Ligand SMILES: Cc1cc2nc3c(=O)[nH]c(=O)nc-3n(C[C@H](O)[C@H](O)[C@H](O)COP(=O)(O)OP(=O)(O)OC[C@H]3O[C@@H](n4cnc5c(N)ncnc54)[C@H](O)[C@@H]3O)c2cc1C
């Protein structure tokens, strides 16, 4: 279908993009990879007058190290994130999640920042960045501010990014040496997860020293399974111990009901998938 | 020159398809690629309500929008737009609501067209469509099939009922068998009776190329290009409905990107484009969006099946009673009412039932209309019987293959007249089953299944069986006539010998991805002894291929191919006296072999190409012989065509989540002689995936306000290669006796056979938990609930809501009338 008409702006610096955003405000939409925005426009669910493309701003692309953190530029494509050796080494959970995100075509267009800004609770990146305690770097005319992942996801498809701001990068604290697994439950391969569990674990010997668990599509935002995380500390990485800890995975969640399953079924899935994700992350 | 070596035969060769390059790259004449000078574009305004009175339509704003030529409503078009045809009234008293292409005073499903914008560009038409202001008064909608059959809410209040037609076949009445109620009553006393109710969910054909139509009214003849499977039928019906002389209408189906039955239709969009092009005197184009295709192009299947099977204690079947409810949607489509009737002759399948009763009640509802979808009637029947035979086996505690073998027609019993009155010409179910079992490793997988059960493995294994047959090659015209179908089932072919020795073949079949150009070239190459590359197959244009009945029902090869063989054979006979004359020999002494007329006992001879050139020059022809080798043939089949096969499927079920995973799929299809194994493999693989998709993934779901929830590929799950495994495909060969080449149809076989094989496997894996059915599609949620609740797996209730990935909350400017 054909989107309603809009003007297309393609700034080459973040400053110019911010100026354009300030000027057109409510009438403007940012486009990154377009993989979520274009369907919205084509189905005429939205009809902005201006579309501001971040694609020509070089500084928003790529992965760098900054001390204890990795910095992933907002415009880095899923496919570049997925094949980046720094990410694989220090934030393996993200590598694992990107592997199963959509299909190759979408991964070559869609961006890390775009997916997180879109904040679909079924998106594959929210739970991993939440589990890894990422920090979001948001830039406005007044400069940069940093928002923790816990505060970034406010509600269904709603984030802390203001109308006149741009998400410029995401800082991921290094989790070097942590085992990681992303357990995604789908009916067909190209689907968004019905439920997914992102788990990363630091094991000492056969014992779980620390665990971080994020849940995808279990509420209006990505969620942390903190009870499970705590219950796992000091436990052996065995089926029995992890099973027991994972039983509370759905605690405090509010999953949706749709064609793929109702809320109760999703709660059940969360416990099974959490067990599997943790065991796999612990290498058990 | 003498021929020393036998040239390689084309039939049986793995020829790459001639049409692949252009179809795969898309650099070809798809309808939407056609642009004509001064062409105007349409956008449709569609009802968001399942059932609503159209109180008023304000088109003023839309008319003022840039480059809008006009905006028309159903009232504006009135009688001029005609009423869309139903070509198969299945009973004389069928209730058939009138079907104006643009609704006039009432919208009858969500997606029905209520107004049309004509503009100079497609974008401007779409923009203006948003400005059409329709005042609706919502009416109660008939949505649920069972409730609608009880006339609780009427889809068309003025008709007084939703019941369109009740069609019955009874073997006692027809004299083809006994009384089924007696058989069932007897079995209740001293045998076994299996009673089940199955749901055939609604499906969306989901062809790759959305429908598109261009009409050019500027010549003496009106030309329509359309992405259709049926250019000939469309031309006839455009003329018949709109009162235009058939000779003034030319319909072209250029390259068409798939259909699966979904383009076996005469659509509102085609009629509207035609009517507006004629009104405005300018070329007009309409191309639908994917959303429009999902909600308004016809859907398939959608039945409730109440089935009662009786047998003796030893497993010998004694009767089968089939009572169907079939959802027509809001109108009786081109052949919609007839689709379940095509299943009437197939529920008895390969088994020797002494008594059989079939009835279908077709029902009008306020949903998209239904019609043919790959297999049309036969997948429903095959599902019903193959599920029931498996349930019978389970009821008796015997292997599902054993119960089938006990009851099927033995190979020495052909030809066999069935309890439904069809004569199966040939088949060998024993051979196909033996080969399939061997490939599959049936006994080893059964042993593994046992081990997993005993070990209480969280992943259980199930094995599903489907020993199917189908009737295809639609169809003997007399039979169609006896079923009140509005046309015949013959097919036409022409073979034209060009002066250069090249051959043009014209077929009335209308390919839309099947590979006719390749397979038909192979047939003609062998028949006339000309190189494969020298044969050009022309089709899909009523001016080039003036006669034909198009492509559906696995008919192109077995009906169209036979017409072609006959036309080619006529060419040889027409060339013979000319060759004899030129060779100064007696026609009786000529032998035609490998493209050459040879004089018996000499090395004298003449190639077909030489005869063609001599005929073209016409300098030296025998007296009274016309200077042409071209020949036509129109072939009306004497019988249907009965492919069969044994499909075996192993499914793993993760009992913790309900997730199902295919482990192995073996099929041994008997489709007679194979023209091109590569094309056949493509048809089998694609067919299997489509049938498997019904079992596991696809369902068109409406919510309780009548909005299609699975309205995009986010929620309507069409599988990709990533979701399937490598199938193990083989064949046995029992040639059909009803056509020269001994071929049988293969276009629908995989789809017909695979659905019950998969569901039987899923149920087999979890029958130990007290489960005897899982409703399709077997979603993990349904499977998990069946395991945990046991019983009939009626965890049918999925939540009728879409996954909202493209919501754009926090933003306003949500346009009116956007597809939901
Ligand atoms: C067929 C298909 C399947 C998919 N499957 C999955 C899947 O399985 N899992 C999954 O996680 N995702 C999936 N996606 C979504 C995919 O990940 C998208 O790439 C992603 O959601 C959006 O990224 P984008 O770069 O394309 O953003 P865009 O579509 O360009 O933008 C998305 C939204 O974010 C805003 N935005 C973008 N960048 C910024 C920024 N830097 N600052 C502020 N706002 C910004 C835009 O204004 C817009 O509202 C799928 C998409 C498609 C088309």
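What's the Kirkwood radius of the protein assembly as shown in Å, using all Cα pairs?
Taking the inverse mean of 1/r over all distinct Cα pairs, the protein assembly as shown comes out at 31.9 Å.
Can you give me the Kirkwood hydrodynamic radius for chain A, using every pair of distinct Cα atoms, in Å to one decimal?
Over chain A, the inverse of the mean reciprocal pair distance is 19.2 Å.
Taking neighbour counts of Cβ atoms within 10 Å as a proxy for exposure, in what order, fewest first, do B:478, A:243 appear?
Exposure proxy ranking, most exposed first: B:478, A:243.
Rank A:123, A:140, A:206 by mean-square fluctuation in a GNM of chain A with C-alpha springs under 10 angstrom and give only the top-ranked residue.
A:206
Using alpha carbons only, how many angstrom separate the centre of the stretch B:338-385 from the centre of the stretch B:587-604?
Cα centres, the stretch B:338-385 to the stretch B:587-604: 52 Å.
Build a GNM of chain A with springs between Cα atoms under 10 Å: which of A:205, A:33, A:114 gets the top mean-square fluctuation?
Result: A:205 has the largest fluctuation of those listed.
Could you give the length gained on full extension between residue A:10 and residue A:247, defined as 0.36 nm per residue of separation minus the Cα-Cα distance, in nm?
Stretched out fully, the residue A:10 to residue A:247 stretch lengthens by 80.4 nm.
If r is the Cβ-Cβ distance from residue B:413 to residue B:56 and R0 is 51 Å, what FRET efficiency results, to the nearest 0.05?
The computed FRET efficiency comes out at 0.15.
When B:547, B:321, B:456 are ordered from fewest to most other Cβ atoms inside 10 Å of their Cβ, what list results?
Placing the least packed residue first, the sequence is B:456, B:547, B:321.
For the stretch A:7-52, compute the orientation-averaged projected area of the C-alpha convex hull (one quarter of its surface), in nm².
Computing the convex hull of the Cα atoms and averaging its projections yields 3.1 nm².
Can you sort A:265, A:8 from fewest to most other Cβ atoms within 10 Å of each residue's own Cβ?
Result, fewest neighbours first: A:8, A:265.
Roughly how far apart, in whole Å, are the Cα centres of the stretch A:16-38 and the stretch B:432-447?
60
Just how far, in whole angstrom, is the stretch B:77-138 from the stretch A:148-172 if you go by their alpha carbon centroids?
Each part reduced to its Cα centre gives a spacing of 46 Å.
Under the rule of -39500 (n - 2.57) per DSSP H run of 4 or more residues, summed and divided by the residues of chain B, what mean residue ellipticity at 222 nm is obtained, to the nearest 500 deg cm²/dmol?
-8500 deg cm²/dmol
Within the stretch A:114-133, which residues have the backbone N less than 18 Å from the label spot 7 Å out from residue A:155 along Cα→beta-carbon, could you tell me?
Under cut-off, by backbone N: A:117-122.
Round to the nearest 10 and give me the degree value, 0 to 90, for the angle of helix A:263-281's Cα axis relative to the longest principal axis of chain A.
Approximately 70 degrees, to the nearest 10.
Computed from the coordinates by the stated procedures, all read-outs in this text should not be read as laboratory data. Since this is a predicted model, take the numbers as computed values, not measurements. For neighbour counting, all protein chains shown are included, and Cβ atoms are generated from backbone atoms with ideal geometry for every residue, glycine included.
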